[in-house]
Amino acid sequence: MSIARFWRETPRRYNLGGSKCTNCGTVYFPPRTVCPECTSHRQSIGKMVPFQLSGDGEVLSFTVVHEPAEGFEMQVPYVLALVKTREGPVLTGQVVDISTDEAGIGLKVHATFRKLREEGRAGVIHYGYKFAPTEELETAPVPRGPAAAARTEDVTARDRAPA
């Protein structure tokens, strides 16, 4: 991504600014100029308005990344999730401030702005949204996945073992 493009997209990146169709009420992120939900796309021309997403959401699905994309080598393993926002759009983002074992479907999260990467020798720092838990992890959903399954099997085996 060029620096110019990055700065042009600053309002959306730092504010979770999307758009909302005044015809049907559907919210989009990133913003759209035409609503694909309306029966005739022409109905929404000129009726899309800027909309600020709250950043609150819930994890729909997640994965633990062990083979990182360029620039994320120092963060592995990390959690990457699909987050359904309170307003409706589903965003993809990294979940921070938790261990990989604490991630789970249904985890309540909130968007937070963090450093994404540094670019080139000039060290231009790019920031963007990530997600952090909004509730105490003791009340968070039960983690799912291979590690969680292994822990469940271990507990079940212990319960059946003779004393």
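Taking K84, is it farther than 18 Å from R117 by Cβ, surrounded by 12 or more Cβ atoms within 10 Å (Cβ to Cβ), at pLDDT below 90 and out of contact with any Cys (no Cβ under 6 Å at 6 or more places or on another chain)?
On the way: farther than 18 Å from R117 by Cβ: yes; surrounded by 12 or more Cβ atoms within 10 Å (Cβ to Cβ): yes; at pLDDT below 90: no; out of contact with any Cys (no Cβ under 6 Å at 6 or more places or on another chain): yes.
Spelling it out, it is not the case that K84 is farther than 18 Å from R117 by Cβ, surrounded by 12 or more Cβ atoms within 10 Å (Cβ to Cβ), at pLDDT below 90 and out of contact with any Cys (no Cβ under 6 Å at 6 or more places or on another chain).
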Across segment 19-57, what is the total count of residues that are within 19 Å of K108 (Cβ to Cβ) and part of a loop (DSSP other than H, G, I, E, B)? 4
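Tell me yes or no: at least one residue of segment 95-115 is touching a residue at least 60 places away in the same chain (Cβ under 8 Å), out of contact with any Pro (no Cβ under 9 Å at 6 or more places or on another chain) and over 29 Å from E37 (Cα atoms).
From segment 95-115, those touching a residue at least 60 places away in the same chain (Cβ under 8 Å) are 111, 113; that's our starting set.
Remaining after also requiring out of contact with any Pro (no Cβ under 9 Å at 6 or more places or on another chain): 111, 113.
Keeping just the survivors that are over 29 Å from E37 (Cα atoms) gives 113.
Scanning segment 95-115 turns up at least one residue that is touching a residue at least 60 places away in the same chain (Cβ under 8 Å), out of contact with any Pro (no Cβ under 9 Å at 6 or more places or on another chain) and over 29 Å from E37 (Cα atoms).
In segment 57-74, what residues are surrounded by 12 or more Cβ atoms within 10 Å (Cβ to Cβ) and over 22 Å from C24 (Cα atoms)?
Taking segment 57-74 as the starting set, the residues that turn out to be surrounded by 12 or more Cβ atoms within 10 Å (Cβ to Cβ) are 57-65, 68, 71-72.
Within segment 57-74, E58, V59, L60, S61, F62, T63, V64, V65, P68, G71, F72 meet the criteria.
Within segment 24-56, count every residue that is among the hydroxyl-bearing types (S, T, Y), surrounded by fewer than 17 Cβ atoms within 10 Å (Cβ to Cβ) and in contact (Cβ under 8 Å) with a residue 12 or more places away in the chain.
Let us first name the residues in segment 24-56 that are among the hydroxyl-bearing types (S, T, Y), namely 26, 28, 33, 39-40, 44, 54.
Retained after the next criterion (residues that are surrounded by fewer than 17 Cβ atoms within 10 Å (Cβ to Cβ)): 33, 39-40, 54.
After this cut, where a residue has to be in contact (Cβ under 8 Å) with a residue 12 or more places away in the chain as well, the list is 33, 54.
The number of residues fulfilling the criteria is 2.
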Could we say that P89 is over 14 Å from the mean Cα position of the chain (by Cα), at pLDDT 90 or above and within 17 Å of F131 (Cβ to Cβ) here? no
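Which residues, counting only those in segment 58-95, are assigned to a loop (DSSP other than H, G, I, E, B) and either among the charged types (D, E, K, R) or in contact with a helix residue (DSSP H, G or I) (Cβ under 7 Å, 6 or more places away or on another chain) (or both)? Steps first, answer last, please.
Let us first name the residues in segment 58-95 that are assigned to a loop (DSSP other than H, G, I, E, B), namely 66-72, 76-77, 86-89.
Matches in segment 58-95: E67, P68, E70, P77, R86, E87.
Results for (1) exposed (fewer than 15 other Cβ atoms within 10 Å of the Cβ); (2) small (G, A, S); (3) modelled with pLDDT under 50; (4) not in a loop (DSSP other than H, G, I, E, B), shown as yes or no for each residue.
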site	(1), (2), (3), (4)
G104	no, yes, no, no
F113	yes, no, no, yes
H126	yes, no, no, yes
T152	yes, no, yes, yes
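The values are calculated or read from the model by the stated rules, or taken from the named source; none is laboratory data. Given the structure is predicted, the values throughout are model-derived calculations rather than measurements. Note that we place each Cβ from the backbone using ideal geometry, even for glycine, and neighbour counts take in every protein chain shown.
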